[in-house]
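What follows is a single structure, written as structure tokens, with notes after it.
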Amino acid sequence: MKCLKCGYCCHQLTVPIVDVKKKGIAEANMIVKIRGQRCPHLKGDGPGEFTCALHGEKWYKDTPCAGHGRDNVLPDDTCALGAYIMECVKALSQVDTTKPA
Ligand code: SF4
Ligand code: SF4
């Protein structure tokens, strides 16, 4: 699945994550990132620009994050939720906030 880097998962999911990157996946090195909390491994400042500092690690594919949203999609399919969120972001950016509704 192609992630559109909207950042939803990394802000809004409660998910076990690796704590210290260089220690990799080990039971003693896992913490739970709570919904609403920005993941400490998330880089970037806005939807479409977010990236994960752990994606390049060879063990990333074994993390709970890597398994998110992969059911019933082909590897080249775009994340449907991310596509929806990016459409909303685009629509909001076109709202003229200088005029009354
Ligand atoms: S580890 Fe990476 S993919 Fe998982 S929540 Fe954090 S930034 Fe997102
Ligand atoms: S909702 Fe989809 S596009 Fe957005 S961060 Fe999660 S996997 Fe990526």
Can you name every residue in the stretch 1-14 that is touching a strand residue (DSSP E or B) at 6+ places or on another chain (Cβ under 7 Å) and either touching a residue at least 60 places away in the same chain (Cβ under 8 Å) or surrounded by fewer than 18 Cβ atoms within 10 Å (Cβ to Cβ) (or both)?
LYS2, LEU4, LYS5, THR14
For the stretch 17-32, indicate whether the set of residues that are of a type outside the set (Val, Ile, Thr) and within 16 Å of ligand 2 (Cβ to nearest atom) is non-empty.
no
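Only one residue in THR78, THR51 is touching a residue at least 24 places away in the same chain (Cβ under 8 Å), among the polar types (S, T, N, Q) and within 12 Å of CYS10 (Cα to Cα), so which one is that?
Being touching a residue at least 24 places away in the same chain (Cβ under 8 Å), among the polar types (S, T, N, Q) and within 12 Å of CYS10 (Cα to Cα) holds for just one of THR78, THR51, which is THR51.
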Being in a strand (DSSP E or B), surrounded by 13 or more Cβ atoms within 10 Å (Cβ to Cβ) and not small (Gly, Ala, Ser) narrows ILE25, ILE17, ILE85, ILE31 down to just ILE17
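Just name the residue that is farthest from CYS3 (Cα to Cα) out of those in the stretch 29-75 that are of a type in the set (S, T, N, Q) and within 10 Å of ligand 1 (Cβ to nearest atom).
If we take residues in the stretch 29-75 being of a type in the set (S, T, N, Q) and within 10 Å of ligand 1 (Cβ to nearest atom), then GLN37 is farthest from CYS3 (Cα to Cα).
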Residue that is surrounded by the fewest Cβ atoms within 10 Å (Cβ to Cβ), among those in the stretch 53-82 that are among the small types (Gly, Ala, Ser) and not in a helix (DSSP H, G or I)
GLY56
Of (1) under 12 Å from the mean Cα position of the chain (by Cα); (2) part of a loop (DSSP other than H, G, I, E, B); (3) surrounded by 14 or more Cβ atoms within 10 Å (Cβ to Cβ), ARG38 satisfies all except one. Which?
(3)
Among the residues of the stretch 66-97, write down those that are more than 9 Å from ligand 2 (Cβ to nearest atom), within 30 Å of LYS22 (Cβ to Cβ) and at pLDDT 90 or above.
none
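The values are calculated or read from the model by the stated rules, or taken from the named source; none is laboratory data. Keep in mind the model is a prediction, meaning the values are calculated, not measured. Neighbour counts are summed over all protein chains in view; Cβ atoms, including those assigned to glycine, are modelled from backbone coordinates with ideal geometry.
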